[in-house]
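Working notes for the structure below.
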Amino acid sequence: MLWINAIGWSLVMFLCVYAGLLIFAAYAYCDPLRTQKIAKPDQLFPLFVMETLNTYPGFPGLFICGIFSAGLSVHWCEFFGSHLVCRIRRNSVQKEIN
C-alpha cells in the first residue's frame, strides 16, 4: 500500500514541478507582478490558466471549479471531523450523567 501512495505522491509532485516550469517559461521576461496584472504571487497560476486556455471554451471555468471544490473538500473534512468529535464527547458526557 505504501508503494501505491509513493507512486501517487510522485505523480502529484511531478505535475506541480511541471506546472511551475511552464509558468516560469511563459513569464520569464515579463513579470505580471511588476506590470500590475496581478496583485499577489498566488494569482500567478490562475492568470496563466486564463491566458493560455482562454481559446478553449469551458476549460478556465473547469479549472476554477476544480480549485474551489478542492478547497471546499478540505474544509468539509475539517468540519465533519470537528462535528464527529463534539458528538462523541456529548454522548460520553450523557452516559456519565445517566
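Using the Kirkwood radius built from alpha carbon pairs, what does the Stokes-Einstein equation give as D for the chain at 20 °C and 1.002 mPa s, in µm² per second?
Values: Rh = 17.5 Å.
In µm²/s, the coefficient rounds to 123.
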Under a point spin-label approximation (7 Å from Cα along Cα-to-Cβ), what is the residue 68-residue 16 distance to one decimal in nm?
-> 2.4
Global geometry of the stretch 17-64, whether rounded, prolate or oblate, following the gyration tensor of its Cα atoms and the 1.5 cut on a/c | prolate
Net charge, residue 84 excluded, C-beta distance under 14 Å - Lys, Arg +1, Asp, Glu -1 | +2
Peptides ranked, highest mean first, by Cβ atoms within 10 Å: ranges 67-74, 39-46 | 39-46, 67-74
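Can you tell me how much longer the chain between residue 85 and residue 45 gets when fully stretched, taken as 0.36 nm per residue apart minus their C-alpha distance, in nm with one decimal?
10.8 nm
Read the figures in this text as sums done on the coordinates, not as results from a lab. All values derive from a computational prediction rather than experimental measurement. Cβ coordinates were reconstructed from backbone atoms using ideal geometry, including for glycine residues, and neighbour counts include every protein chain displayed.
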